[in-house]
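These notes concern the structure reproduced below.
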Amino acid sequence: MKNLSKLFWIIALVAILALLAITGCKSVEISTEPRFYTNNTTTDFIILGEIVYESKDRVGYTEMLRAAREIYPECDFVIDIMVDQKKTVTTTVFLWWVTRKEVSTWVMRGTAIEYKRR
(Lines give C-alpha, C1' and ligand atoms only; values in the text may rest on other atoms or scores of the structure.)
Protein backbone atom coordinates (compact mmCIF):
# COMPACT_ATOMS: atom_id res chain seq x y z
CA MET A 1 0.00 0.00 0.00
CA LYS A 2 2.89 2.38 0.76
CA ASN A 3 4.40 1.73 -2.68
CA LEU A 4 1.07 2.59 -4.33
CA SER A 5 0.89 5.86 -2.35
CA LYS A 6 4.46 6.79 -3.33
CA LEU A 7 3.72 5.97 -6.96
CA PHE A 8 0.62 8.20 -6.86
CA TRP A 9 2.61 11.15 -5.48
CA ILE A 10 5.41 10.66 -8.01
CA ILE A 11 2.93 10.60 -10.90
CA ALA A 12 1.13 13.66 -9.50
CA LEU A 13 4.42 15.56 -9.16
CA VAL A 14 5.48 14.67 -12.71
CA ALA A 15 2.08 15.76 -14.05
CA ILE A 16 2.30 19.11 -12.23
CA LEU A 17 5.84 19.73 -13.48
CA ALA A 18 4.81 18.85 -17.03
CA LEU A 19 1.84 21.22 -16.79
CA LEU A 20 4.08 24.02 -15.53
CA ALA A 21 6.58 23.40 -18.32
CA ILE A 22 3.89 23.48 -21.00
CA THR A 23 2.14 26.62 -19.73
CA GLY A 24 5.38 28.38 -18.84
CA CYS A 25 6.74 28.19 -22.39
CA LYS A 26 3.95 30.15 -24.03
CA SER A 27 4.78 33.58 -25.39
CA VAL A 28 2.41 36.22 -26.65
CA GLU A 29 3.27 38.23 -29.75
CA ILE A 30 1.18 41.10 -30.94
CA SER A 31 0.53 40.81 -34.65
CA THR A 32 1.80 43.68 -36.78
CA GLU A 33 0.30 42.35 -39.99
CA PRO A 34 -2.36 44.42 -41.69
CA ARG A 35 -5.89 43.11 -41.57
CA PHE A 36 -6.53 43.37 -45.30
CA TYR A 37 -5.40 44.89 -48.54
CA THR A 38 -7.76 46.00 -51.21
CA ASN A 39 -6.95 46.82 -54.79
CA ASN A 40 -10.25 48.61 -55.15
CA THR A 41 -10.05 51.70 -57.36
CA THR A 42 -12.16 53.68 -54.88
CA THR A 43 -9.65 53.10 -52.06
CA ASP A 44 -7.33 56.07 -51.82
CA PHE A 45 -3.79 55.69 -50.56
CA ILE A 46 -0.60 57.69 -50.39
CA ILE A 47 2.66 56.25 -51.70
CA LEU A 48 5.27 56.73 -49.00
CA GLY A 49 8.30 55.37 -50.82
CA GLU A 50 10.30 52.34 -51.88
CA ILE A 51 11.56 49.78 -49.38
CA VAL A 52 14.56 47.49 -49.91
CA TYR A 53 15.16 44.66 -47.43
CA GLU A 54 18.07 42.19 -47.61
CA SER A 55 18.55 39.01 -45.59
CA LYS A 56 20.63 35.84 -45.64
CA ASP A 57 17.49 33.88 -44.70
CA ARG A 58 14.29 33.50 -46.64
CA VAL A 59 11.90 36.06 -45.26
CA GLY A 60 8.27 36.81 -45.75
CA TYR A 61 5.87 39.70 -45.88
CA THR A 62 5.93 40.35 -42.13
CA GLU A 63 9.64 41.17 -42.15
CA MET A 64 9.13 43.44 -45.14
CA LEU A 65 6.33 45.30 -43.35
CA ARG A 66 8.48 45.71 -40.21
CA ALA A 67 11.29 47.17 -42.32
CA ALA A 68 8.84 49.56 -43.98
CA ARG A 69 7.45 50.69 -40.61
CA GLU A 70 10.96 51.45 -39.36
CA ILE A 71 11.37 53.99 -42.15
CA TYR A 72 7.71 55.07 -42.46
CA PRO A 73 5.86 54.59 -39.11
CA GLU A 74 2.52 55.47 -40.77
CA CYS A 75 2.86 52.60 -43.29
CA ASP A 76 -0.27 50.44 -43.58
CA PHE A 77 0.80 48.02 -46.30
CA VAL A 78 3.60 47.15 -48.74
CA ILE A 79 2.60 46.54 -52.35
CA ASP A 80 4.33 45.53 -55.59
CA ILE A 81 6.88 43.31 -53.86
CA MET A 82 9.70 41.84 -55.93
CA VAL A 83 11.98 39.14 -54.54
CA ASP A 84 15.46 38.53 -55.95
CA GLN A 85 18.08 36.02 -54.92
CA LYS A 86 21.74 36.89 -55.23
CA LYS A 87 24.18 33.98 -55.13
CA THR A 88 27.85 34.40 -54.37
CA VAL A 89 30.02 31.40 -55.22
CA THR A 90 33.56 31.21 -53.88
CA THR A 91 35.87 28.51 -55.22
CA THR A 92 39.20 27.79 -53.55
CA VAL A 93 41.80 25.54 -55.19
CA PHE A 94 44.73 24.18 -53.19
CA LEU A 95 46.76 21.57 -55.07
CA TRP A 96 44.14 18.93 -55.87
CA TRP A 97 41.73 20.04 -53.13
CA VAL A 98 38.83 22.17 -54.44
CA THR A 99 36.26 23.75 -52.13
CA ARG A 100 33.18 25.58 -53.25
CA LYS A 101 31.10 27.81 -51.00
CA GLU A 102 27.76 29.23 -52.08
CA VAL A 103 26.03 32.02 -50.15
CA SER A 104 22.52 33.26 -50.99
CA THR A 105 21.16 36.69 -50.18
CA TRP A 106 17.46 37.46 -50.55
CA VAL A 107 16.54 40.99 -51.63
CA MET A 108 12.96 42.20 -51.34
CA ARG A 109 11.78 45.48 -52.88
CA GLY A 110 8.35 47.01 -52.49
CA THR A 111 6.33 50.19 -52.18
CA ALA A 112 5.09 51.37 -48.79
CA ILE A 113 1.61 52.90 -48.76
CA GLU A 114 -0.68 54.59 -46.27
CA TYR A 115 -4.45 54.46 -46.61
CA LYS A 116 -6.22 57.83 -46.58
CA ARG A 117 -8.52 58.03 -43.59
CA ARG A 118 -11.93 59.57 -44.13
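At-a-glance table
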{"read-out": "Selected residue [in contact with a Lys or Arg (Cβ under 7 Å, 6 or more places away or on another chain), at pLDDT 85 or above, outside any loop (DSSP other than H, G, I, E, B) and surrounded by fewer than 10 Cβ atoms within 10 Å (Cβ to Cβ)] from 50, 102", "value": "102"}
{"read-out": "Of residues in segment 59-99 being basic (Lys, Arg) and not in a helix (DSSP H, G or I), the one surrounded by the most Cβ atoms within 10 Å (Cβ to Cβ)", "value": "86"}
{"read-out": "Test result for residue 89, at pLDDT 80 or above and over 19 Å from the mean Cα position of the chain (by Cα)", "value": "yes"}
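The values are calculated or read from the model by the stated rules, or taken from the named source; none is laboratory data. Small disclaimer: the values here were computed from a predicted structure and weren't measured. Virtual Cβ from ideal backbone geometry, glycine too; neighbours counted across all protein chains shown.
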